[in-house]
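**Student:** Just dropping this structure here.
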Amino acid sequence: MSVDSPSQSGLGSPAGNPGDEPLLQVEHVSKRFPQILANDDISFSVARGEIHCLLGENGAGKSTLAEVLYGVQRPDSGTILFRGLPVTLSSPRDAIQLGIGMVHQHFVLVPPFTVLENVIIGTQHQGLRLDRRQAAERLGGLCTNYGVNLDLDAQIWHLCVGEQQWVEILKAVYVGVELLILDEPTASLTPQEVDKLFAIMRKMRDDGLSMLFITHKLNEVLEVSDRVTVLRKGKLVHSVATRDTSQRELARMMVGREVDLNSVREPRTPGLPVLEVDGLRVRDDRNLEALRGVSFTLRQGEILGVAGVSGNGQRELFDALTGARKPFAGLVRLAGREITHSTAAQIADLGVASVPEDRVHQGLVMEFRVDENLILGKQRLSPFANGAFLNQRGIAAFAEDMIREYEIATPSGGQVTRVLSGGNLQKVILARELAREPQCLIVSQPTRGLDVGAMEYVRRRLVAERDRGAGVLLISEDLDELFSLATRIAVMFRGQIVGMLDAETASREQVGLLMAGCESTV
Amino acid sequence: MTDVLQATFIVGLFAGMIRIATPILLAAMGELVAESAGILNLSIEGTMLMGAFSGFLVAHITGSLWLGVVAAIASGALIGLLMAFLSATLRADQTVSGLALNIVASGLAFYLFRLAFKNAGSQNLPSVGAFSTVEIPLLGQIPFLGEVLFTQHALTYLAFLLVPLISLFLFRTRPGLELRSIGENPRAVDMRGLNVVRRQYLAVIFGAMMAGLAGSFLSLASAGLFVPDIAGGRGWIALAIVIFGNWLPARILFGALFFGLIDSSQLALQAVGLHLPYQLLLALPYLLTIAALVVNRSRSRSPLALGRPYNRAERGA
Amino acid sequence: MTTTGQGMPRGAGAGQLTQAKASARGRWRIQARMQPSAAWRSVSILAALLGAFVLSALLIASAHVNVGTALGVMVQGAFGSRGAVIETLVQATPFILTGLAVTVAFRGRIFNIGAEGQFFAGAMAAYWLATVLRGAPQAVMLPAVLLAGCAGGALWGFIPGVLKARYGASEIIVTVMLNFVIALVLSFLLANPWREPTSYFYQTALMPDASYLPRLVSGGRLHLGFPLALVVAALVWVLLWKTTLGYEIRAMGINSLAARYKGISVATTTILVLVISGAIAGLAGVGELTGIHHRLRLDISVGYGFAGIIIALLGQLHPVGVVLAAIFLGALLNGASAMQIVTGVPVALVNAIQGITLLCLLIADVLARYEIRRTAGND
């Protein structure tokens, strides 16, 4: 079965019958998972040559719907019509053959392979030979058409996130699509890269391509979409033309109540230095320099934000400050005491708490019970242990307290952690980390993947810690979050801090430019 | 006089090197293909043993050595099928599955051997004969190289031919690229509409067939008999050589030859009459394998998704 | 929901254009369970045992022997008399210990395939100490010899531990290699320095009486090793679930990344795990040496180390399960000897059964994590 050869622009059939029948019709689609009804009787349609936005907070069911449309999941009920005919999408292959493409939220690229290799996998179906030359020509033409500048022979892991995004998009466009699903494509882009993406999307739309653009960011909806469908807790709230709605109205539909889009930052006078970092140099997993001389001071009673596209050293910064990775140069002091080469256990003992960006893989042992996870890292301290032995009663009492205080939705401390929802997992981690009133709290992407309720809870906790006098280092890709919580924002780019801005006076554009490396104020 | 002895010694040493390297090379190249598709197959030691046994048994029953080879390959394919089922379909833990299959294959081989040759010790084991070496015309006449390189078993020629063939396949063909992509990021391939599971099956079964073939070399070419410990750890050594070779065919070839040289020297030294306890010499290959794992720290080409079960429904990152 | 019945749309690849069924009663679907219940796990274990039983019967049948007869003899041989039961427990003793050794390691996701070698290392260390302490009273000799066994096994576990912790060397391959190495070392020792001067065989002289593990009953070989093994089982349980080290081992075994982030030293824990695992396997070696054979030979182990892997997995990596699985295997071995004598089916059948049971258990275990549910129609 061969893929039909796409037209020169890499798109499917041009808008032959514009406006007549919708390209995609979703009718009464439902999808249930063991714990949750992810899609509940969803019906909407996407016209030809339209940028259609699927808006909803995390957990609303947008990604599930996207997976259903791409054949990754089968719906439990409902029909999907493409070009007016009912279709069965039982695997991505079916979707691709129909002309549906997808740009995934978490890239599906092969890091050690080149751009060219990543794009052509799965596009040639006959013969043993790899036809690189012809592919390179076509791909080069596509890039030129959209004004994208990519070295086709570069390995993926040498590309920055924005460039990897383009590869993801090119993969879909190369085989020819009529409907392109983009799942949260702007999560890791600088504001400038987002603008460029939108410009290209508009060009694609004008060329006849339809797009289903999935996001939880309201401003993006208004900026680029023609129509928007709002999902909330698995159900469809409303489908409306973008020009007929407003950000406030969308927010209300998305969350179900009035949302305060701006949070008030109370002026605070930060106290003594809690964390002093000087010229820190750290290597990454591939032994390349990831932090190239980072210096800053975090004070008591302040939230210092660290902005930047992921992959610019944030992970290594987090690891070095928490003791999971050893710097090869530079200094780190905690309340005056040097901890540059201290172990993770020592650093935690000194009052540094941390919330990692990957809850499941870095922060928790999912097969452990909730009470066991609540003492992770502190299992040797009293009251959790008596010498070499665990003190079950102490552990149980602590767990009970934490579950109550943090309102963790679990029947008991003995519950296996794996079944908890994302927000509750984050609460377990917070409870664990904040229990000892740390003097320094380092968090990375703390609200990623959480629904609005959980997001607000986490942010409230961070502010409470700040008010208690702790110094909070907030590493985040979410500019809204940084602007609403942080007093100062440090911008990281290629392992260095290229700017330290006052959150009250700085603009998103300024931060965006720094994130993209265009201007350094340091 | 001493020249002849020296020449004989050296020829014997290097010819032995190539002969001894053969089964390890076969198994290692097969495992390379499987691991390129992301599946760690720890059952190749047991597969080798089963291959050696089934080859021996069928050769004994039918009187044909080549049929024995076919049987060995078939038994390898069956075990590979099971491994693929456990790893690619059921997505069970590959380490545990491989160990379990290893035990199954070894246990079955042992039982069936005892069943078929009830009271046989190695003395009164029925003979099936063995493959003799095949001399390549013309090339085999070259004074020194001819004996070393071109007077070997047919299976040896095959093993060494496999190196460039598999190398070409993996790195220069379309299906090879697809296979290696699975080993790095199976999701990337799945989302392109390619059948990941089918390709993993093919890769694992091929690898196991190679291990079975390697086993048949041991019982039908190298030793000419079967004993329950005929594999002697070679399957594990093959695994180590894939790691040591950093998943590159050329380096794996080098590793297998080096190992073969060391093992061959142990035999040659004995022949010369060197007074070292033979157990020490026998232990050398195993110690060397450990050293190879310690010395070789760069695993820069280890397939990123090696050993990790792939589940389409699980979200990435 | 309707079908339009139109022809293929233009330019389509042959994507499936069929009617999606949204039947009113829903459809069957296989999906992962959130949390396999204990009940399901028990069912899966039983199903596995049943499957293994059937396959084993097939194997017996392949020996042209009446399956019923063979099994009957087997059961008789395993449990049919006081003597049989005692012998079953005797056979089970080393299995319990090697099973526990492997359990500790696997709980930390350290795949110790070297229990066989650690078994020998323990026996060798114990033998050596016994000859050094020749003449000492039992009160001194016996505990010393047992400790030496633990120490020998611990050393043989320490090596792969360090190599993994420092160099990332695969413990699977290293321990397997070390199995071969120590067998060769033993073979060398038995052929030369340690060889019993008067004997034709490769074995040592009998060890001093004081080193023998006392027999517990008359008319049977059951020795102190058996209750000792049970004590070790209890200790392992305490270690894994009641101590901080056990917590760290389990955490590392499930998620070594998170463990590392929260201050657990993966390197140190790895070494400790292999040392403890090796010590227990070494104890198994001493047990057989001083409880049964009383002299060092090459065949004091008949694959106890490898069987330990099977037992650990059959026992679901839990001490209670390990004891039960060990007794099961001891019964199997004991019964199989009788079966070989009476029906001629080779004892090697046990090897095959071991493997098959393990495989069935693995498959059942994986399948238990899935369930078939009927998903509702239009919710």
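The values are calculated or read from the model by the stated rules, or taken from the named source; none is laboratory data. Because the structure is a prediction, the values reported are computed rather than measured. Positions of Cβ are backbone-derived with ideal geometry, glycine not excepted, and every protein chain shown enters the neighbour counts.
**Student:** Mind listing whichever residues of the range B:169-182 are part of a helix (DSSP H, G or I) and facing chain A (nearest Cβ under 9 Å)?
**Tutor:** Passing the criteria: B:Phe169, B:Arg172, B:Arg174, B:Pro175, B:Gly176, B:Leu177, B:Glu178, B:Arg180, B:Ser181.
**Student:** Hey, another quick one. What are the residues in the range A:88-115 that are without any contact (Cβ under 8 Å) to a residue 40 or more places away in the chain and in contact with a helix residue (DSSP H, G or I) (Cβ under 6 Å, 6 or more places away or on another chain), if any?
**Tutor:** Result: A:Leu89, single match.
**Student:** Could you identify the single residue in A:Arg315, A:Arg299, A:Arg286, A:Arg333 that is surrounded by fewer than 16 Cβ atoms within 10 Å (Cβ to Cβ) and not β-branched (Val, Ile, Thr)?
**Tutor:** A:Arg286
**Student:** Still on this structure: Determine whether B:Gly98 is within 30 Å of C:Phe111 (Cα to Cα) and more than 14 Å from every other protein chain (Cβ to nearest Cβ).
**Tutor:** Against the criterion (within 30 Å of C:Phe111 (Cα to Cα) and more than 14 Å from every other protein chain (Cβ to nearest Cβ)), B:Gly98 does not qualify.
**Student:** Still on this structure, I have one more. Are there any pairs with C-beta distances below 6 angstrom linking a residue in the range A:204-218 that is in a loop (DSSP other than H, G, I, E, B) to a residue that is among the hydroxyl-bearing types (Ser, Thr, Tyr), with the two at least 6 apart or on different chains, and if so which?
**Tutor:** From the range A:204-218, the pairs are A:Asp207/A:Ser9.
**Student:** I'm trying to understand the selection: among the residues of the range B:27-44, which are in contact with a Gly (Cβ under 7 Å, 6 or more places away or on another chain) and either in a helix (DSSP H, G or I) or over 21 Å from B:Leu101 (Cα atoms) (or both)?
**Tutor:** Result: B:Ala27, B:Gly30, B:Glu31, B:Val33, B:Ala34, B:Glu35, B:Ser36, B:Ile44.
Residue-by-condition table, conditions (1) in a loop (DSSP other than H, G, I, E, B); (2) crowded, with 16+ Cβ neighbours inside 10 Å; (3) within 13 Å of chain C (Cβ to nearest Cβ); (4) in contact (Cβ under 8 Å) with a residue 60 or more places away in the chain:
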| position | (1), (2), (3), (4) |
| --- | --- |
| B:Gly46 | no, yes, yes, yes |
| B:Met50 | no, yes, yes, yes |
| B:Phe56 | no, yes, no, yes |
| B:Leu67 | no, no, no, no |
| B:Ile79 | no, yes, yes, yes |
| B:Met83 | no, yes, yes, yes |
| B:Ser106 | no, yes, yes, yes |
| B:Ala109 | no, yes, yes, yes |
| B:Leu115 | no, yes, yes, no |
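**Student:** All but one of (1) on the phi > 0 side of the Ramachandran plot; (2) surrounded by 20 or more Cβ atoms within 10 Å (Cβ to Cβ) hold for C:His64; which doesn't?
**Tutor:** Result: C:His64 passes all but (2).
**Student:** While we're on this one: All but one of (1) within 14 Å of chain B (Cβ to nearest Cβ); (2) at pLDDT 85 or above; (3) touching a strand residue (DSSP E or B) at 6+ places or on another chain (Cβ under 9 Å) hold for C:Arg369; which doesn't?
**Tutor:** (2)
**Student:** When you look at A:Ser382, is it over 29 Å from the mean Cα position of the chain (by Cα) and not assigned by TED's automatic domain parsing to the domain that holds A:Pro446, yes or no?
**Tutor:** yes
**Student:** Would you mind telling me which numbered condition in (1) touching a Leu at 6+ places or on another chain (Cβ under 9 Å); (2) modelled with pLDDT under 90 A:Pro34 fails?
**Tutor:** (1)
**Student:** Right, here's the next one. Name every residue in the range A:212-252 that is over 21 Å from A:Val29 (Cβ atoms) and of a type in the set (Val, Ile, Thr), in order of residue number.
**Tutor:** Listed by number, the residues that qualify are A:Val221, A:Val224, A:Thr242, A:Thr245.
**Student:** When you check B:Ala223 against the structure, is it away from chain A (no Cβ under 14 Å), in contact with an Asp or Glu (Cβ under 8 Å, 6 or more places away or on another chain) and closer than 21 Å to B:Ile20 by Cβ, yes or no?
**Tutor:** The answer is no for B:Ala223.
**Student:** Okay, next question. Can you spot a residue in the range B:206-224 that is assigned to a loop (DSSP other than H, G, I, E, B), within 27 Å of B:Leu284 (Cα to Cα) and touching a Ser or Thr at 6+ places or on another chain (Cβ under 9 Å)?
**Tutor:** The answer is yes; a qualifying residue exists.
**Student:** Select the helices (runs of 4 or more DSSP H) contained entirely in the range A:428-522, then report the ones holding at least 1 residues which are under 18 Å from A:Gly313 (Cβ atoms).
**Tutor:** Here the list reads A:479-485, A:508-515.
**Student:** Here's a follow-up. With the condition kept exactly as written, say whether any residue in the range A:366-380 is more than 22 Å from C:Tyr247 (Cα to Cα), surrounded by fewer than 21 Cβ atoms within 10 Å (Cβ to Cβ) and more than 10 Å from chain C (Cβ to nearest Cβ).
**Tutor:** Checked against the condition, which is being more than 22 Å from C:Tyr247 (Cα to Cα), surrounded by fewer than 21 Cβ atoms within 10 Å (Cβ to Cβ) and more than 10 Å from chain C (Cβ to nearest Cβ), the range A:366-380 yields no hits at all.
**Student:** A:Val365 passes all but one of (1) assigned to a loop (DSSP other than H, G, I, E, B); (2) free of Cβ contacts under 8 Å to residues at least 24 places away in the same chain; which number fails?
**Tutor:** Unmet condition: (2).
**Student:** List the helices (runs of 4 or more DSSP H) inside the range C:151-254, counting only whole elements, that have at least 2 residues being within 14 Å of chain B (Cβ to nearest Cβ) and buried (at least 22 other Cβ atoms within 10 Å of the Cβ).
**Tutor:** Of the helices (runs of 4 or more DSSP H) lying wholly inside the range C:151-254, those with at least 2 residues that are within 14 Å of chain B (Cβ to nearest Cβ) and buried (at least 22 other Cβ atoms within 10 Å of the Cβ) span C:171-191.
**Student:** Restricting attention to the range C:185-208, which residues are in contact (Cβ under 8 Å) with a residue 60 or more places away in the chain and more than 29 Å from the chain's Cα centre (by Cα)?
**Tutor:** Residues satisfying the conditions are C:Trp194, C:Glu196, C:Phe201, C:Ala205, C:Leu206, C:Pro208.
**Student:** While we're here: Return the total of residues in the range C:255-283 being small (Gly, Ala, Ser) and either surrounded by fewer than 24 Cβ atoms within 10 Å (Cβ to Cβ) or modelled with pLDDT under 95 (or both).
**Tutor:** Number satisfying all stated conditions: 4.
**Student:** Among C:Val174, C:Val181, C:Val140, which is the only one that is in contact with a helix residue (DSSP H, G or I) (Cβ under 9 Å, 6 or more places away or on another chain) and at pLDDT below 95?
**Tutor:** The unique qualifying residue is C:Val140.
**Student:** Is it the case that the range C:332-344 has a residue that's of a type in the set (A, V, I, L, M), away from chain A (no Cβ under 14 Å), under 24 Å from B:Thr95 (Cα atoms) and surrounded by fewer than 24 Cβ atoms within 10 Å (Cβ to Cβ)?
**Tutor:** no
**Student:** Identify, by number, the condition in (1) under 28 Å from C:Ala61 (Cα atoms); (2) at pLDDT 90 or above; (3) within 14 Å of chain C (Cβ to nearest Cβ) that B:Ile61 doesn't meet.
**Tutor:** (3)
**Student:** Among the residues of the range A:316-345, what is the count of those that are assigned to a helix (DSSP H, G or I) and either within 8 Å of another protein chain (Cβ to nearest Cβ) or of a type in the set (Asp, Glu) (or both)?
**Tutor:** Residues that pass the stated criteria total 5.
**Student:** A further question on this structure: Looking at (1) at the interface with chain C (Cβ under 10 Å from one of its Cβ atoms); (2) at pLDDT below 90; (3) on the phi > 0 side of the Ramachandran plot, find the lone condition where B:Arg91 falls short.
**Tutor:** Of the numbered conditions (1) at the interface with chain C (Cβ under 10 Å from one of its Cβ atoms); (2) at pLDDT below 90; (3) on the phi > 0 side of the Ramachandran plot, the odd one out for B:Arg91 is (2).
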